[in-house]
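The values are calculated or read from the model by the stated rules, or taken from the named source; none is laboratory data. Everything quoted here is computed from the prediction, not taken from an experiment. Cβ placement follows ideal geometry from the backbone for every residue including glycine, while neighbour counts extend to all protein chains displayed. We work out accessible area using only protein heavy atoms, side chains counted, and drop any ligands, DNA or RNA first. Shrake-Rupley method; radii C 1.70, N 1.55, O 1.52, S 1.80 Å.
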Amino acid sequence: MAKNVAQSATLASVDQKLAMAKRCSHEGVVAGAKAAVVASIATAIPTLASVRMLPWARANLNHTAQALIISTVAGAAYFIVADKTVLATARKNSFKHIPNMEA
């Protein structure tokens, strides 16, 4: 009987940790997607403007190069912000359950 109670408590703890991990990763995905959209817009405007105004850019940056510049910045922003968000949320949740933290 005691073994079943301990086992169910362990399973409940694992389920709770799994739910918290899913929530942390979801927050990271949402924050990363927002950052990727902002970075895409912030990169697309000067890239497209420079291709229209600068002779060097017009001669050397075709459509593929422009798309590569914009998508690289968007991808980097996504992964950086998502990683920071997941780590910050995990750090916040790891210290939440410690009753007496000494500074």
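From the phi angles alone, apply the Karplus equation (6.51, -1.76, 1.60; θ = phi - 60°) to region 65-82 and give each ³J(HN,Hα) in whole Hz, x where the residue is Gly or Pro.
My calculation for region 65-82 gives 5, 5, 5, 5, 4, 5, 6, 5, 5, 5, x, 5, 4, 4, 5, 5, 5, 5 Hz in order.
Can you give the accessible area of residue 68 in Å² (nearest 10), computed on protein heavy atoms with a 1.4 Å probe?
It works out to around 110 Å².
What number comes out for accessible area per residue over region 28-93 if the probe is 1.4 Å? Units Å², please.
Solvent-accessible surface per residue comes out at 66 Å².
So what are the ³J(HN,Hα) numbers for region 42-56, from phi and the Karplus equation (6.51, -1.76, 1.60; θ = phi - 60°), rounded to whole Hz, Gly and Pro as x?
Residue by residue, region 42-56 yields 5, 8, 5, 4, x, 5, 5, 5, 5, 5, 7, 9, 9, x, 4 Hz.
Report the accessible area of residue 91, computed with a 1.4 Å probe over the heavy atoms of all protein chains in place, in Å² rounded to the nearest 10.
Accessible area, nearest 10 Å²: 130 Å².
Considering only protein heavy atoms and a 1.4 Å probe, what is the carbon-and-sulfur percentage of the accessible area of region 28-93?
Details: 3250 of 4360 Å².
Here carbon and sulfur together make up 75 percent of the probe-accessible area.
Run the quick spin-label model on residue 17 and residue 38: label points 7 Å from Cα toward the beta carbon, then report their separation in nm to one decimal.
Result: 3.3 nm between the two label points.
Assuming 0.36 nm per residue, please report the length gained on full extension of the stretch residue 58 to residue 90 beyond their Cα-Cα distance. Please list the in-between numbers first.
Details: separation 32, 0.36 × 32 = 11.52 nm, distance 4.60 nm.
Net length gain for the segment: 6.9 nm.
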